[in-house]
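The values are calculated or read from the model by the stated rules, or taken from the named source; none is laboratory data. This is a predicted model, so every value here is computed, not measured. As a convention, Cβ positions derive from the backbone with ideal geometry for all residues, glycine included, and neighbour counts pool all protein chains shown.
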Amino acid sequence: MSAATGPRTDDLPASAQVVIVGAGIIGCFVGAELARAGAEVCVVDRAGPAAGSSSSGEGNLLASDKLPGPDLAFALESLSRWRRLGEELFARIEYREKGGLVVARTEQDWQALSELAERQRRQGLEARPLEGEELWALEPLLDRSVRGAYFYPGDAQVQPMLAVRALVAAIRRHGGRVVAGAEVRAAERGRGGELTALLTTRGRVAVGTHVVNAAGAWAGALSGLLGCPIPVSPRRGHVLVTEPVGSVTEHKVYESGYLGSVHDGDGEGSVSAVVESTAAGTMLLGSSREFVGFERSPSLPVMRAIAARAIALFPGLAGVRLMRGYVGFRPATPDRLPVLGADERAPSVLHATGHEGAGVGLAPATAAAIADLVLGRAPGVDVGAFSAARFAGQAAR
Ligand SMILES: Cc1cc2nc3c(=O)[nH]c(=O)nc-3n(C[C@H](O)[C@H](O)[C@H](O)COP(=O)(O)OP(=O)(O)OC[C@H]3O[C@@H](n4cnc5c(N)ncnc54)[C@H](O)[C@@H]3O)c2cc1C
């Protein structure tokens with residue numbers, strides 16, 4: 001079980017109305033939403049809460065990096081739900097609405113960023129262009145050769161492991177269970193082919209109405225086992241953590257090239273500068289994207305490239321020491337958008353996965369949508385664009 005949540009685990013029940021596979025930020029958010037609404041919830045994880053990507057990424061809640069259309073609409077909805085969670089919780093999960101700054105290095109980048117920001121603004125996202133003195137006033141240590149930037153005041157940050165811990169407590173407070181050490185290995189079916197139970201390494205749990213696939217980067221494998229395969233693949237990322245340095249920047253600062261690396265295909269892998277501070281005073285430096293399976297050994301060339309790009313953005317970082325680096329796996333679909341909702345090949349399965357580098361940010365809207373589907377309520381969040389049906393016949397990479 002992870003350090004974030006302590007050693008406690010619940011026993012596997014004989015049955016549960018809703019069995020959620022995966023105790024990351026998504027499974028736990030869904031679990032808390034459903035438990036609060038009175039559903040009988042059991043979250044199972046082969047390791048424990050926040051054992052997967054939710055403890056090996058960062059905690060940015062971003063709308064700035066979303067493309068206009070359903071992607072941005074869903075992010076705006078989710079960020080507004082984060083905002084409504086309340087001060088008492090915010091203090092426990094290091095929630096900070098610190099704003100994001102997207103930096104264009106060249107005239108060409110500036111034109112592309114301005115065009116994107118204009119389209120985002122038309123969809124309701126607040127974005128302010130900053131150039132010259134105005135930009136240096138906001139970010140005094142930013143390299144002076146950059147062309148300009150857009151400031152997105154609504155971008156925020158949390159500590160994802162603390163958020164998972166708070167969600168686990170909420171699930172238990174409302175009578176739900178969170179079972180560690182229970183890997184789902186097989187599904188049992190009734191005569192009509194309907195899914196009746198999951199067989200885990202801790203025993204069998206009968207499924208009342210729904211199974212939620214919240215297995216993150218492993219959701220592709222789990223979906224196969226549930227009889228409704230979806231193409232979710234691990235997209236590896238590195239994060240470097242510096243020694244505590246005080247305040248280099250108070251915002252999340254990233255270069256506009258990051259947007260291309262998030263949304264485009266990248267057979268060769270890509271690196272772009274993402275720089276931010278944490279409540280502990282350390283800096284987190286990212287970001288890389290590669291399809292190398294679940295390879296856990298960090299790549300020195302990728303780590304060097306991340307450091308070099310961060311220094312190009314903030315030259316003052318050159319003398320700062322790195323404390324450590326780590327890798328994590330983003331759950332990626334072919335179009336980089338999540339897979340949410342029912343699957344007609346397995347009617348009791350609901351997918352809640354494929355959030356790529358945005359699962360923390362998109363967790364509240366995901367949970368709301370899944371809870372509505374489980375409880376048969378009119379959907380409060382539109383997830384039509386994220387149906388599994390769009391991938392009919394596509395395999396994971
Ligand atoms: C470097 C990096 C930086 C990132 N930065 C951000 C960011 O700033 N903001 C943001 O929003 N997102 C970010 N992300 C993405 C974010 O971390 C993920 O989108 C999110 O954590 C996915 O959450 P999840 O709950 O779906 O998956 P996970 O947290 O991986 O949880 C899935 C769980 O399922 C369990 N599991 C899998 N298979 C089984 C099985 N068969 N039986 C039982 N249990 C199983 C696993 O043990 C795991 O605990 C980043 C990711 C990386 C790698």
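Listed values, structure above:
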read-out: All positions within the stretch 346-370 that are within 7 Å of the ligand (Cβ to nearest atom) and part of a helix (DSSP H, G or I); value: GLU356, GLY357, ALA358, GLY359, VAL360, GLY361, LEU362
read-out: All positions within the stretch 276-294 that are within 13 Å of the ligand (Cβ to nearest atom) and either in a strand (DSSP E or B) or at pLDDT 95 or above (or both); value: GLU276, LEU284, LEU285, GLY286, SER287, SER288, ARG289, GLU290, PHE291, VAL292, PHE294
read-out: Close pairs (6 angstrom Cβ cut-off, 6 or more residues apart or separate chains): among the small types (Gly, Ala, Ser) in the stretch 104-123, not in a helix (DSSP H, G or I) anywhere; value: ALA104/ARG147; ALA104/GLY148; ALA104/SER256; ALA117/ALA127; ALA117/TYR150
read-out: Set ARG92, ARG105, ARG83: member being under 19 Å from THR249 (Cα atoms) and basic (Lys, Arg); value: ARG105
read-out: VAL360 buried (at least 22 other Cβ atoms within 10 Å of the Cβ) and of a type in the set (A, V, I, L, M); value: yes
read-out: Matching option when the condition is assigned by TED's automatic domain parsing to the domain that holds ILE20, more than 18 Å from the chain's Cα centre (by Cα) and among the hydroxyl-bearing types (Ser, Thr, Tyr), among SER223, SER256; value: SER223
read-out: Candidates VAL232, VAL158, VAL207 - the one that is over 30 Å from ALA104 (Cβ atoms), crowded, with 21+ Cβ neighbours inside 10 Å and within 25 Å of the chain's Cα centre (by Cα); value: VAL232
read-out: Some residue of the stretch 179-193 being in contact with a His (Cβ under 6 Å, 6 or more places away or on another chain) and either within 13 Å of the ligand (Cβ to nearest atom) or at pLDDT below 95 (or both); value: no
read-out: Failed item in (1) surrounded by 24 or more Cβ atoms within 10 Å (Cβ to Cβ); (2) in contact with a Pro (Cβ under 9 Å, 6 or more places away or on another chain); (3) not in a helix (DSSP H, G or I), with HIS238 passing the rest; value: (1)
read-out: Tabulated pairs, the stretch 14-36, first in the same structural domain as LEU199 (by TED's automatic domain parsing) and closer than 16 Å to GLU183 by Cα, second hydroxyl-bearing (Ser, Thr, Tyr) and within 14 Å of the ligand (Cβ to nearest atom), C-beta under 6 angstrom, 6+ apart or interchain; value: GLY24/SER54
read-out: Unique residue being crowded, with 16+ Cβ neighbours inside 10 Å, over 24 Å from GLY69 (Cβ atoms) and not basic (Lys, Arg) when the list is VAL102, VAL146; value: VAL146
read-out: Residues located in the stretch 14-73, provided they are of a type in the set (A, V, I, L, M) and part of a strand (DSSP E or B); value: ALA16, VAL18, VAL19, ILE20, VAL21, VAL41, VAL43, VAL44, LEU61
read-out: Residue within the stretch 39-47 that is of a type in the set (Asp, Glu), within 14 Å of LEU375 (Cα to Cα), more than 6 Å from the ligand (Cβ to nearest atom) and more than 24 Å from the chain's Cα centre (by Cα) present; value: yes
read-out: Residues (assigned to a loop (DSSP other than H, G, I, E, B) and closer than 18 Å to TYR326 by Cβ) located in the stretch 248-275; value: GLY269
read-out: Residue list for the stretch 167-204, filter: of a type in the set (D, E, K, R) and more than 28 Å from the chain's Cα centre (by Cα); value: GLU188, ARG189, ARG191, GLU194, ARG204
read-out: Cβ pairs under 6 Å, 6+ apart, first in the stretch 346-358 and free of Cβ contacts under 8 Å to residues at least 24 places away in the same chain, second near the ligand (Cβ under 7 Å from one of its atoms) and of a type in the set (Phe, Trp, Tyr); value: none
read-out: Exclusive hit being assigned by TED's automatic domain parsing to the domain that holds VAL44, touching a residue at least 24 places away in the same chain (Cβ under 8 Å), surrounded by fewer than 18 Cβ atoms within 10 Å (Cβ to Cβ) and closer than 28 Å to ALA358 by Cβ, set GLU183, GLU194, GLU250; value: GLU183
read-out: Among the candidates PRO229, PRO160, PRO234, residue that is in contact with a Phe, Trp or Tyr (Cβ under 6 Å, 6 or more places away or on another chain) and within 30 Å of VAL18 (Cβ to Cβ); value: PRO234
read-out: Any hit, the stretch 289-310, residues being under 17 Å from LEU62 (Cβ atoms), in contact (Cβ under 8 Å) with a residue 40 or more places away in the chain and not hydroxyl-bearing (Ser, Thr, Tyr); value: yes
read-out: Condition check for ALA342: more than 14 Å from the ligand (Cβ to nearest atom) and in the same structural domain as SER287 (by TED's automatic domain parsing); value: no
